[in-house]
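Structure first, commentary second.
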Amino acid sequence: MKFRIRLNIKGIIGLTIILVEVFFACFPSLIVFHNPHEMNYSAIFLGPSREHLLGTDEVGRDIFSLLIFGTRASLMVGFIAVGISTTVGSIVGLLSGYYKGIISEVLMRFTDLFLAIPRLPLMLVLVALVGQSIWNIIIVIGLLLWSQVARIVRSQTLSIREKSFIERGKAFGYSDFRIIIFHILPNVLPLVFANAILLMGSAIYYEVTVSFLGLGDPTHISWGMSLHYAFESSAILYRAYWYIIPPGVAIVITVLAFTLIGNALDESFNPKLRER
Amino acid sequence: MVKIEIKNLKVWFPVRTSFLKSLYSKKHQYSHAVDGVSFKIKEEEIFCLAGESGCGKTTLAKAMIRLIKPTSGTVRYSGVDLLSIGKNEFRSYRRKLQIIYQDPYSSLNPKKNVFNTIAEPLKVHNFIKNFSEGKDIITQILEEVELTPAESFFGKYPHELSGGQRQRVSIASSLVLNPDFIVADEPVSMLDSSVRTEVLYMMLRLKKKRKLTYLFITHDLSLAWLISDRIAIMYLGKIVEMGPTDEVVSNPQHPYTKALISVIPRPTSGVKHKKIILKGNPPDSMNIPAGCRFHPRCFEAKDICKRAEPSIVKFNKNHYVACHLLSQKRKP
């Protein structure tokens, strides 16, 4: 199977940002000197200095270290939650697109249900119910984002199943499983891939929201938790801009980078969007 | 020997009506795509099914190889009733009944190269254990469809091939399971005219070599005339005339056939042919006219045509026609 991927300049910028972040996430200790968990009550709310590049927080932790170590949590949420939602969404979309009739109807009404429910409140309720751990958050986000994927995969499947090479597969006596996996899926995959990258941005954004609202995993360092602590410790009152801005900027850059790559992929797979 | 025989085959598609309508009318509406067709195709024969678009040719052919479920009727292939046997049992007949599609652009999976396209059916039907084993078979079949050197086509994807080449790959993958009955659904109508004859003659050569039986669907009567042994003319889901091609073309009996044949382009021989141009369009297959289904467009229609539907009767040896005028002419 061949993918012909052509990224435009925006896509390349996005990809570079993500690759740098992946490097941070994999080897954070190569970049920072401070242990992000190390507290120092004699050095709280210090401004940026040579010792602490981005200052310290309310318990004297190095904010630059927190930022770099936080990359790991954000990317992990992005990749794993999207992995879950793409898998679930693709299965639901393929089945409901391929089989007409009752299976399709039931699956699609179920998808509609998930599309219609406001995501954030449901997410907060679910996280509160299952407990505040990073894995629970990942699973909850993953299970909330699949409905969008299911819709896209279904619509694409509906158009591909009408092509004569699918009917030809039936004439050869292929099983439904073979037709779905080897004939429909490869033709749907580019679109799913582009959409998955776009979804990563929203997954990261949801993790930040959940954490900021106080339902994050307290044992994990993440940008959302940083923002949450900054808010809790009234960093604004201390005019500790170095505490609030870096995680915010990091989130924006990451979400933006994923969006850039996603749009570039979309353009590359969808010739109608391509600029000439 | 009769290869395949169908009796009174019907394919009706239910028409979706709105929810409100279904409340006050209990009657289901059906589109009568194929409405009671019977014929036999002999072994190693080229049987041509002709008619304008929308008359149910393709539906009929697909119903014969069970790609579409017929509403009623029987299909017997070498004496076996294909419609009554179970799904698993039918799988062994799958490889014997194959189809060649009209559009070479959508009949090949764009994500599979030529080798895998042809190897997949072989693997599914346990002709080969793994993909590399099929090399000899695939080389041979590609040579048969005149794609040489065969090896150079193995890794090519459909978008790297021309229309004619794609159709050859498509034919190769249909033939690789050694079928003996092939439905050719307008196999050359989308091809460029220079390629068309090449592919057509290749199909005829393959037929001789592999002892195939073709059901050739076409709307092009001159093509049917050129290649087929027998021809059936279809109109709105029914056969109006059927017989040996030469006889039907030289001595058409049904007004519809007469009209179709009058417009075949012929090299001028000094004789002027009168062209019969039919008025209007074929009616909707949901509201089939009462009586003879051709009467609203027929230029010879009589009173009886509006009242009773003609049954198909023998005109002379092997030549069958469904028209009231015929029996009227005979009576006196």
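The values are calculated or read from the model by the stated rules, or taken from the named source; none is laboratory data. Small disclaimer: the values here were computed from a predicted structure and weren't measured. Because the Cβ atoms are built from the backbone with ideal geometry, glycine has one as well, and the counts that use them run over all protein chains shown.
At a glance:
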read-out: Verdict on B:V124 being more than 27 Å from B:L204 (Cβ to Cβ) and either away from chain A (no Cβ under 11 Å) or touching a Gly at 6+ places or on another chain (Cβ under 6 Å) (or both); value: no
read-out: Residue that is nearest to the other protein chains (Cβ to nearest Cβ), among those in the stretch B:131-144 that are over 22 Å from A:H183 (Cβ atoms) and buried (at least 17 other Cβ atoms within 10 Å of the Cβ); value: B:E144
read-out: Count of residues meeting criterion [over 27 Å from A:I184 (Cβ atoms) and more than 12 Å from the chain's Cα centre (by Cα)] in the stretch A:55-97; value: 18
read-out: Pair list, Cβ < 7 Å and 6+ apart or interchain, from the stretch A:240-265 residues that are touching a residue at least 40 places away in the same chain (Cβ under 8 Å) to residues that are of a type in the set (S, T, N, Q); value: A:P247/A:S226; A:T254/A:S74; A:A264/A:N8
read-out: Cβ-Cβ under 9 Å pairs, at least 6 apart or on other chains, the stretch B:255-266 side touching a residue at least 12 places away in the same chain (Cβ under 8 Å), far side basic (K, R) and in a helix (DSSP H, G or I); value: B:P255/B:R297; B:Y256/B:R297; B:A259/B:R297
read-out: Flag for B:V169 being at pLDDT 90 or above, under 29 Å from B:M1 (Cβ atoms) and surrounded by 24 or more Cβ atoms within 10 Å (Cβ to Cβ); value: no
read-out: Filter result (closer than 16 Å to B:K111 by Cα, in a loop (DSSP other than H, G, I, E, B) and not aliphatic (A, V, I, L, M)) within the stretch B:130-161; value: B:F154, B:G155, B:K156, B:Y157
read-out: Residue match in the stretch B:72-86 (condition: among the acidic types (D, E) and either touching a helix residue (DSSP H, G or I) at 6+ places or on another chain (Cβ under 9 Å) or touching a residue at least 40 places away in the same chain (Cβ under 8 Å) (or both)); value: no
read-out: Given (1) assigned to a helix (DSSP H, G or I); (2) within 30 Å of A:L66 (Cβ to Cβ), index of the condition A:P218 fails; value: (1)
read-out: Single unsatisfied condition, B:W225 versus (1) more than 21 Å from B:S107 (Cβ to Cβ); (2) without any contact (Cβ under 8 Å) to a residue 12 or more places away in the chain; value: (2)
read-out: Any hit, the stretch B:165-187, residues being more than 21 Å from the chain's Cα centre (by Cα), more than 12 Å from chain A (Cβ to nearest Cβ), part of a helix (DSSP H, G or I) and farther than 28 Å from B:G56 by Cβ; value: yes
read-out: All helices (runs of 4 or more DSSP H) inside the stretch B:210-301 with 2 or more residues being closer than 30 Å to B:L175 by Cα; value: B:221-227, B:245-250
read-out: Any hit, the stretch A:49-63, residues being at pLDDT 80 or above, under 21 Å from A:E232 (Cβ atoms) and assigned to a helix (DSSP H, G or I); value: yes
read-out: Count - residues of the stretch B:87-108 that are in contact with a Phe, Trp or Tyr (Cβ under 7 Å, 6 or more places away or on another chain), facing chain A (nearest Cβ under 7 Å) and hydroxyl-bearing (S, T, Y); value: 2
read-out: Test: residue in the stretch B:114-130 that is among the hydroxyl-bearing types (S, T, Y), modelled with pLDDT under 90 and closer than 24 Å to A:D176 by Cβ; value: no
read-out: Complete set of residues in the stretch B:161-204 that are over 18 Å from B:L142 (Cβ atoms), in contact (Cβ under 8 Å) with a residue 60 or more places away in the chain and of a type in the set (D, E, K, R); value: B:D180, B:D185, B:E186
read-out: Helices (runs of 4 or more DSSP H) within the stretch B:1-94 that include 1 or more residues modelled with pLDDT of 85 or more; value: B:57-64, B:87-94
read-out: Given (1) within 30 Å of A:I160 (Cβ to Cβ); (2) touching a Ser or Thr at 6+ places or on another chain (Cβ under 9 Å); (3) hydroxyl-bearing (S, T, Y), number of the condition A:S211 does not satisfy; value: (1)
read-out: Residue count for the stretch A:181-223, restricted to those that are of a type in the set (S, T, N, Q) and within 10 Å of chain B (Cβ to nearest Cβ); value: 1
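For every residue, the table says whether it meets (1) surrounded by 14 or more Cβ atoms within 10 Å (Cβ to Cβ); (2) farther than 20 Å from A:S175 by Cα; (3) in contact with a Cys (Cβ under 9 Å, 6 or more places away or on another chain).
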{"position": "B:A61", "(1), (2), (3)": "yes, yes, no"}
{"position": "B:I65", "(1), (2), (3)": "yes, no, no"}
{"position": "B:I68", "(1), (2), (3)": "yes, no, no"}
{"position": "B:T71", "(1), (2), (3)": "yes, yes, no"}
{"position": "B:Y77", "(1), (2), (3)": "yes, yes, no"}
{"position": "B:G86", "(1), (2), (3)": "no, no, no"}
{"position": "B:F90", "(1), (2), (3)": "yes, no, no"}
{"position": "B:R95", "(1), (2), (3)": "yes, no, no"}
{"position": "B:I99", "(1), (2), (3)": "yes, no, no"}
